[in-house]
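The values are calculated or read from the model by the stated rules, or taken from the named source; none is laboratory data. Quick caveat: nothing in here was measured; it's all calculated off a predicted structure. Here the Cβ positions follow ideal geometry from the backbone for every residue, glycine too, while neighbour counts run over all protein chains shown. With ligands, DNA and RNA removed, areas are computed over all heavy atoms of the protein, side chains included. Shrake-Rupley method; radii C 1.70, N 1.55, O 1.52, S 1.80 Å.
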Amino acid sequence: MKTKCGVLMLIAFLTITCICKAQDLPKPYTEQYRPQLHFSPKAHWVNDPNGMVYFNHTYHLFFQYYPKDIVWGPMHWGHAVSKDLIHWKELPIALYPDSLGYIFSGSAVVDSNNTSGFGKKGKIPMVAIFTHHDPKGEKAGKDNYQNQSIAYSLDEGNTWTKYKGNPVLKNPGIKDFRDPKVMWYAKEKKWVMTLATKDHITFYSASDLKNWKKESEFGLREGAHGGVWECPDLFPLKLNGKTYWVLIVNINPGGPNGGSATQYFIGSYNGSKFTPMDTQTRWLDYGPDEYAGITWGNTGSRKIFLGWMSNWEYANQVPTEKWRNAMTIPRDLQLKQSKQGIVIASTPVPELATINAKSLALNNLSVNKTLDLSSKVADFKSQYVLKMSLAQLKGYTIKLSNKKSEELLIGYDEAKDQYFIDRTKSGKVSFQKDFAGQAKAPRFTAAKNSDITIVVDKASVEVFADGGLTTMTAVYFPNGDFTDLAITANEKLNIKNIKITPLKSIWNK
Ligand code: FRU
């Protein structure tokens, strides 16, 4: 009897200790630095967005995911869905590593005509096309360890079956042979795969998603080549009634501000070959922290872009616990005429307004050195959108700061005609030698007037200047939220309008 009692007491003690321990840990989405407006999985490591496709009024987002740690590891495809691109529901893991290797980046399509033959009983298959990365082959020094494979789902992405005939596209002996982005080319009723092949792009086509034929290559002599080409995308966009084709090519390293970044080309595509209209190297986002960005498939003429909000230079070291990294805000892409020719303008999707709280508008302000707006954002929990319009652009700095003298600076340098984000004194910076510093971006218009929108989310900022012609993204890790806000200018600055909109968290915590 005595021993029974003792055992019961021990069990009770252990249970209470466990409960207390569990309560000590912050709940998911309440941790320091955890994005409140951006998608990040409940726990563990995330990198590239994958398999982005719109199907039955639902946006699917798969992602490179390692469910056992907060550093990169054997890759799975995590899965989340959204009706509005803002609120996400995380679902069970979609694809697990297998005997052919890890599940690297790729895309997904809705095979409405059942070209793959995977559809059964009238059910439309979703087909994922991804890279199988064989770590054993890599270790053994082989050069053919990345191959393209497919899997299908007949229940809108909830469960997946890998194709028995995998891989469907075998490696011809190129080490970096990955990240297939597949689209339907309606004109010729065929699928087109855009594949990153080391330092260029190779296009393939297939009628059934299984038998791929090489069409052409692009890029050996075009664009930036400071690193390996990864995660491409190809899609049409219209400007003034004319169709152009955009080819996105992510590159790591070799970005304009160091490390990974997204470059793109504009040109034409004839179903087989991509021809750029000029030799300019264009960057979709000049900040250090947008990478592997591509667009959702099956969204008609609307092109919605999403990137990974990090940089391979330090993605594995950033000072978060329990989870690491997040996605950017989804962005609408448009072509616009600029000082530097036709370029892409990015703007946060209007659906972001679904989480707006009551905004505050200030008109006709003038800045003589400093305009302190801290009291205006005191209750905004470092989650807000600020939009500022100027009738006459002059140099200015928007300063986010805390009481520990840490600060993040965003601004326009008139002498250099450049936008910048400076995180030199932004808090924790020593986890990587180049993290502290200033990222710069060109201005793409000579217009007198200007506008800037910044999306602030705890530990990240996305900057969209001049209607999105200049875009920059950066993460930062202050030792206390940046609850203060000020605008400074050396010369007197007249502000037409500032609108600050607090945003509600997308998570039920
Ligand atoms: C890009 C990338 C891809 C690859 C994946 C692996 O960030 O390196 O090329 O498929 O990440 O996780």
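Under the 0.36 nm per residue contour assumption, what length would be gained going from the current alpha-carbon distance of K142 and Y29 to full extension?
Values: separation 113, 0.36 × 113 = 40.68 nm, distance 4.14 nm.
Separation in residues times 0.36 nm, less the Cα-Cα distance, equals 36.5 nm.
Can you tell me the FRET efficiency between K273 and K403 if r is taken as the Cβ-Cβ distance and R0 is 60 Å, rounded to the nearest 0.05? Please list the in-between numbers first.
Numbers: r = 58 Å, r/R0 = 0.97.
Taking R0 as 60 Å, the efficiency between K273 and K403 is 0.55.
Once the 1.4 Å probe is applied to the protein heavy atoms, the chain comes out at 42 Å² accessible per residue. For the stretch 318-449, the relative contact order works out to 17 percent when only alpha carbon pairs closer than 8 Å and six or more residues apart are counted. For K381, the lysines whose Cα comes closer than 19 Å to its Cα, not counting residues fewer than 8 places off in the same chain, are K27, K358, K399, K403, K404, K458, K499, K504, K509. Computed over the chain, relative contact order equals 13 percent, with contacts defined as Cα pairs under 8 Å that lie 6+ residues apart.
Among V71, Q438, G219, which residue has its Cα positioned farthest towards the positive end of the charge dipole of the chain, with +1 placed on the Cβ of Lys and Arg, -1 on the Cβ of Asp and Glu, and the dipole taken about the Cα centre? Toward the positive end, the furthest listed residue is V71.
Would you kindly calculate the mean projected area, averaged across all directions, of the convex hull enclosing the Cα atoms of the chain, in square nanometres? Mind showing how you got there, number by number?
On the way: hull surface 114.9 nm².
Approximately 28.7 nm², given one-decimal rounding.
Reported to the nearest whole Å, the Cα centre-to-centre distance from the stretch 430-509 to the stretch 159-225 is 37.
If we sort 156-168, 260-272 on the protection proxy, mean other Cβ atoms within 10 Å, highest first, what's the order?
Details: 156-168: 15.5, 260-272: 20.0.
In decreasing order of mean packing, 156-168, 260-272 become 260-272, 156-168.
Using helices alone, I'd like the mean residue ellipticity at 222 nm for the chain: each DSSP H run of four-plus residues gives -39500 (n - 2.57), total over residue count, nearest 500.
Details: 3 runs with 32 residues, N = 509.
Helix contribution divided over all residues of the chain: -2000 deg cm²/dmol.
What's the carbon and sulfur percent of the chain's accessible surface, probe 1.4 angstrom, rounded to a whole number? The C+S portion of the solvent-accessible surface of the chain is 52 percent.
Distance cut-off 32 Å, Cα to Cα: go down the list K170/K440; K162/K189; K136/K322 and report the pairs above it.
Working: K170/K440 41 Å; K162/K189 24 Å; K136/K322 29 Å.
Exceeds cut-off: K170/K440.
When peptides 75-86, 429-440 are sorted by average Cβ neighbour count within 10 Å, with the highest value leading, the order is 75-86, 429-440.
Taking 13 Å as the straight-line reach from the Cα of K376, the aspartates and glutamates in range (excluding those fewer than 8 positions away in the same chain) are D484. Pop the C-beta distance of N56 and K120 into the FRET formula with R0 = 22 Å and round what comes out to the nearest 0.05. Working from the Cβ atoms, E equals 0.80. Using the average count of surrounding beta-carbon atoms within 10 Å as a protection proxy, the listed peptides 369-377, 448-456 rank, highest first, as 448-456, 369-377.
Straight-line reach only, C-alpha to C-alpha below 16 angstrom: list the lysines that K339 could link to, leaving out same-chain residues fewer than 8 apart. Result set, ordered by chain and number: K416, K448. A full extension of the chain between K336 and E188 corresponds to an added length of 50.4 nm, given 0.36 nm per residue minus the alpha carbon distance. Computed from label points 7 Å out along Cα-Cβ, the spacing between K448 and S216 is 4.5 nm.
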